[in-house]
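> Structure provided below as structure tokens; questions to follow.
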Amino acid sequence: FLGFEGDKVPDIDLNFSGEYQDKAHAFTKTVFGEDHVFRAGTIGTVAQKTAFGYVSGYAEEMGLENMRQAQRLRLANGCEGVKRTTGQHPGGIIVIPSSMDVYDFTPVQYPANNPDSEWKTTHFDFHDIHDNVLKFDILGHVDPTAMRLLQNISGIDPTTIPMNDPETMSIFNSVDALKADPRVYSEATGAVGLPEFGTKFVRGILELTRPSTFSELLRISGLSHGTDVWLNNAKDLIDGGLTLHDVIGCRDDIMTYLIEKGMPKKDSFFIMESVRKGKGLKPEWIELMKENNIPQWYIDSCLKIKYLFPKAHAVAYVMMAIRIAWFKVHHPYWYYVAFFTLRCDAYEIETMVKGMDAIKRRMDEIQAMKSNPETKRQVTKKDEDLYSMFEACLEMYARGYRFSNIDIDKSLATEFRVLPDDLKTIIPPFTTVDGLGANVAKSIVEARQQGEFLSKEDLLNRTQLSQTLMRKLEVLGTLEGMQEENQLSLF
């Protein structure tokens, strides 16, 4: 953390569940004392377009319609970069040494001058003081949330999951362990839906490299998170005959490789720092590397890199991916519950419940729109999110699992679920209905706990459902068999 000679300010990042982030932040006050922890402050400045808007507004107000464009640009450039507001870093906590006072480094204030805020922030932009004081990044992340959900529904402690289970490791290079029907499922690997490994881009790397060990997955995590590390760089080297273990994957690889080759530790560290920030190599470093028999392809590779991922970060991500892959192989029902609850940004419940053919048709529609130059622009982020979600649905159906309809008596508010008597059927929550938010969903579950719904009228009266949402539930078939109004049937 501190560099070879203790002359570097450590940079410590901690990933917590997004739902727990506030508690983790508050805990730092308990550890270090309220007077020694502050949120990292940021300063919002006037952007170029905003500055130009100021000038245009001024010209209009003052009746200066004939102001030349060059003068407008000159005035806008003068306004650009001026302090406009203060904010706070989403996860940064500045820690002041116990023997010193915060005012030795920076004034403090409330963010955006809100005196009711729980946290004070540094008045100076944290970038200006981060070389003098320690900054913890206490970040919110979905992986720990997923682990907790899996632990809650399965009773299995994720920290006991092995990192070398052969079946689990195999899904990064084949689909055999998933036992999916090969007649309908044609993916080359089982990585769909795995955190950090499920995107089209990373699945392409997996197909090319076919990793089978933890260290290879580590390299791939580094390659996929870096900028200009894989494409036009490591990919070409691997195509040319090198292996995953030869190429640069994480920033630490550079330093350890150069030290191994006999280069001075300090120089190796500075070369790594320069390359990982995209600043390339100084001429004297290139000479030093050549003197130590560093191959030319390695030097060229360093010169192309714009950003490199830290190895510790990659280790944390790969461990999470393997734990989730273990559930995917050995307890698919719990895996799909967690995946659809936490990792999907869009749902189309009417398609999801219709089965494999309907899902394939929708995927083909989105794909056709993407590949047609005329409709390519019309593809929205929601379409992209739906496509990723449908990929996981397709895999799930190919493995013999299915979605039931939303069930007024069994569906939860925001989480998917399986019932012990039928582990092959995943029950969707109420929030998968388009436009039905978490509060409305919770109102249905709370009303249900107080007594079953006697009719559609009763459902409408006892929950926050609107007529429009009721109609959507009717169209889905969720309210089938429920009478319209509260009336007793005598026969």
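> Does Asp385 fit the bill of being surrounded by 14 or more Cβ atoms within 10 Å (Cβ to Cβ) and acidic (Asp, Glu)?
yes
> I'm trying to understand the selection: among the residues of segment 100-109, which are closer than 18 Å to Thr28 by Cβ and open to solvent by 40 Å² or more (accessible area, probe 1.4 Å)?
Across segment 100-109, the qualifying residues are Met100, Asp101, Phe105.
> If Thr227 satisfies every condition in (1) touching a residue at least 60 places away in the same chain (Cβ under 8 Å); (2) open to solvent by 20 Å² or more (accessible area, probe 1.4 Å); (3) closer than 29 Å to Lys200 by Cα; (4) in contact with a helix residue (DSSP H, G or I) (Cβ under 8 Å, 6 or more places away or on another chain) but one, which is the exception?
(4)
> Just give me the residues in segment 346-361 being touching a Ser or Thr at 6+ places or on another chain (Cβ under 8 Å), under 18 Å from Lys381 (Cα atoms) and either assigned to a loop (DSSP other than H, G, I, E, B) or open to solvent by 60 Å² or more (accessible area, probe 1.4 Å) (or both), in sequence order.
Result: Tyr347, single match.
> Is there any pair with a first residue in segment 64-79 that is within 16 Å of Gly53 (Cβ to Cβ) and a second that is open to solvent by 90 Å² or more (accessible area, probe 1.4 Å) and not acidic (Asp, Glu) whose Cβ atoms are under 8 Å apart and which are 6 or more apart or on different chains, and what are they?
Going by the 8 Å Cβ cut-off, the qualifying pairs are Leu64/Tyr58; Leu75/Tyr58; Ala76/Gln48; Ala76/Tyr54; Cys79/Tyr54.
> Hey, can you tell me all the residues within segment 297-327 that are part of a loop (DSSP other than H, G, I, E, B) and surrounded by fewer than 17 Cβ atoms within 10 Å (Cβ to Cβ)?
Lys306, Pro310
> If you don't mind, another one. Based on what the data block shows, is Arg377 assigned to a helix (DSSP H, G or I), out of contact with any Lys or Arg (no Cβ under 6 Å at 6 or more places or on another chain), open to solvent by 30 Å² or more (accessible area, probe 1.4 Å) and without any contact (Cβ under 8 Å) to a residue 12 or more places away in the chain?
Answer is yes for this residue.
> Can you tell me which condition Glu395 does not meet? The list is (1) under 23 Å from Arg148 (Cβ atoms); (2) assigned to a helix (DSSP H, G or I), and all the others hold.
Here Glu395 clears every test but (1).
> Say we look at segment 437-458 and pick out the residues that are in a helix (DSSP H, G or I), modelled with pLDDT under 90 and open to solvent by less than 40 Å² (accessible area, probe 1.4 Å); which of these is farthest from Leu386 (Cα to Cα)?
Restricting to residues being in a helix (DSSP H, G or I), modelled with pLDDT under 90 and open to solvent by less than 40 Å² (accessible area, probe 1.4 Å), the top hit is Asp458.
> Which helices (runs of 4 or more DSSP H) sit wholly inside segment 42-160 and have at least 1 residues that are basic (Lys, Arg) and more than 30 Å from Leu342 (Cβ to Cβ)?
Fully inside segment 42-160 and qualifying: 48-61, 69-79.
> Considering only residues of segment 25-41 that are assigned to a helix (DSSP H, G or I) and of a type in the set (A, V, I, L, M, F, W, C), which is nearest to Gln88 (Cα to Cα)?
Looking at residues that are assigned to a helix (DSSP H, G or I) and of a type in the set (A, V, I, L, M, F, W, C), I get Ala26.
> Out of the residues in segment 1-59 meeting the condition of being open to solvent by 60 Å² or more (accessible area, probe 1.4 Å) and of a type in the set (A, V, I, L, M), tell me which one is nearest to Tyr317 (Cα to Cα).
Leu14
> With the checklist (1) in contact with a Ser or Thr (Cβ under 7 Å, 6 or more places away or on another chain); (2) assigned to a helix (DSSP H, G or I) in hand, flag the one item Ile408 doesn't pass.
Result: Ile408 fails condition (2) only.
> Arg343 passes all but one of (1) surrounded by fewer than 21 Cβ atoms within 10 Å (Cβ to Cβ); (2) within 16 Å of Ala180 (Cβ to Cβ); (3) among the charged types (D, E, K, R); which number fails?
Exception for Arg343: condition (2).
> List the number of the failed condition for Met263; all other conditions in (1) free of Cβ contacts under 8 Å to residues at least 24 places away in the same chain; (2) assigned to a loop (DSSP other than H, G, I, E, B); (3) among the hydrophobic types (A, V, I, L, M, F, W, C) hold.
(1)
> Going by what's in this entry, would Val475 be described as among the hydrophobic types (A, V, I, L, M, F, W, C), surrounded by fewer than 18 Cβ atoms within 10 Å (Cβ to Cβ) and in contact (Cβ under 8 Å) with a residue 40 or more places away in the chain?
yes
> So which residues in segment 80-99 are open to solvent by 60 Å² or more (accessible area, probe 1.4 Å), of a type in the set (S, T, N, Q) and in contact (Cβ under 8 Å) with a residue 24 or more places away in the chain, if there are any at all?
Within segment 80-99, Thr85, Gln88, Ser98 qualify.
> Scan segment 230-260 for residues that are part of a helix (DSSP H, G or I), open to solvent by 60 Å² or more (accessible area, probe 1.4 Å) and of a type outside the set (A, V, I, L, M) and report the count.
Residues meeting the conditions: 6.
> Return the pair list, or none, for Cβ contacts closer than 9 Å from residues in segment 149-164 that are more than 18 Å from Glu415 (Cβ to Cβ) to residues that are among the basic types (Lys, Arg), at least 6 apart or on different chains.
Pairs found: Thr159/Arg323; Ile161/Arg323; Met163/Arg323.
> Within segment 126-148, work out how many residues are of a type in the set (S, T, N, Q) and either free of Cβ contacts under 8 Å to residues at least 40 places away in the same chain or surrounded by fewer than 19 Cβ atoms within 10 Å (Cβ to Cβ) (or both).
Total meeting the criteria: 1.
> May I ask you to list the residues in segment 170-179 that are part of a helix (DSSP H, G or I) and open to solvent by 20 Å² or more (accessible area, probe 1.4 Å)?
Ser170, Asp176
> Checking the condition within 25 Å of the chain's Cα centre (by Cα), in a loop (DSSP other than H, G, I, E, B) and at pLDDT below 95, which residue from Asp383, Asp434 passes?
One residue alone meets the criteria, Asp434.
The values are calculated or read from the model by the stated rules, or taken from the named source; none is laboratory data. No experiment lies behind these values; they were computed from the predicted model shown. Cβ: placed from backbone, ideal geometry, glycine included. Neighbour counts: every protein chain shown. Heads up: the accessible areas ignore ligands, DNA and RNA and are worked out on the full protein's heavy atoms, side chains in. Shrake-Rupley method; radii C 1.70, N 1.55, O 1.52, S 1.80 Å.
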